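Engineer: A single structure is presented below for examination.
Read-outs throughout are calculated quantities, based only on the coordinates presented, and are distinct from any laboratory measurement. Only a predicted model underlies this, so the values are computations on that prediction, with no experimental measurement involved. All Cβ positions, even for glycine, are placed from backbone atoms using ideal geometry, and neighbour counts span all protein chains on display.
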Amino acid sequence: MTFAEQTVRLVVNDSAVVLETGRDFHPSDTLASVLRDRLGYTGLKVACDQGACGACTVLLDGRAVLSCMMLALEADGHEVLTIEGLPEDDPVVQAFAEQCEPGYGTAMQCGFCTPGFVMAAKGFLFENPDPTLEEVKEALSGNICRCGCYPAIAQATLHAAAKMKERG
């Protein structure tokens with residue numbers, strides 16, 4: 001089978017998706033471009049397109065990945081979760097939305113980086129449900145916030161961990 005004939009089957013936000021190379025996307029297309037441009041998941045942001053900012057972070061089988069650094073072909077057979085697939089009552093979404101403690105500020109100033117941070121935090125908390133502040137900082141160090149909301153983002157992640165623990 002050539003790339004021009006390859007079928008890619010994946011599940012995006014609990015919906016089965018079947019794509020054909022040549023018809024739906026090119027073999028060189030990234031997962032980020034297919035998710036945004038072909039499937040309409042525009043909550044995912046592409047800023048640097050070089051894997052340096054974290055704005056394009058999605059979960060692939062529960063693990064945070066940079067979708068701009070992954071070919072769509074590589075997602076074949078996998079489950080992808082974008083920010084649009086998270087419910088409003090998701091503890092990470094809630095923690096980011098509620099973050100406004102004095103001394104830390106808001107976790108969502110302009111909001112451009114927020115989807116990437118939320119997805120990175122969610123993936124990290126799957127792996128480490130009871131992190132320290134230093135572990136949070138290290139885990140999210142691949143994401144960039146142009147507004148400088150790092151202290152609030154770290155606090156929101158710690159609050160999300162506490163919310164997840166409360167919910168069991």
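Engineer: Segment 72-136: percent of C-alpha pairs farther apart than 20 Å? Could you put the intermediate results ahead of the total?
Structural biologist: Numbers: 756 of 2080 pairs.
Result for the distance tail: 36 percent.
Engineer: Relative contact order for segment 17-81 using alpha-carbon pairs under 8 Å, separation at least 6, rounded to a whole percent?
Structural biologist: Taking the mean separation of contacting Cα pairs over the length of segment 17-81, I get 33 percent.
Engineer: Okay, moving on. Using R₀ = 22 Å, calculate the FRET efficiency as 1/(1 + (r/R₀)^6) where r is the Cβ-Cβ separation of Cys110 and Asp49; round to 0.05.
Structural biologist: Step by step, r from the Cβ atoms, then E = 0.70.
Engineer: Turning to a different aspect of this structure: Give me Asp14, Asp24 sorted ascending by neighbouring Cβ count inside 10 Å, so fewest comes first.
Structural biologist: Listed from fewest to most nearby Cβ atoms, that is Asp14, Asp24.
Engineer: Indicate the gyration tensor shape class of segment 1-69 (rounded, prolate or oblate), computed on the Cα atoms with a ≥ b ≥ c the square roots of the eigenvalues: a/c under 1.5 is rounded; otherwise a/b larger than b/c is prolate and the rest oblate.
Structural biologist: Prolate.
Engineer: At what distance in angstrom do the alpha carbon centres of segment 78-99 and segment 4-69 lie from each other?
Structural biologist: Cα centres, segment 78-99 to segment 4-69: 18 Å.
Engineer: Rank-order 42-52, 114-124 by packing density, defined as the average count of other C-beta atoms within 10 Å over each peptide's residues, highest first.
Structural biologist: 114-124, 42-52
Engineer: Restricted to Cα positions, what overall size does the chain have along the principal axes? Three whole-Å values, descending.
Structural biologist: 56, 34, 24
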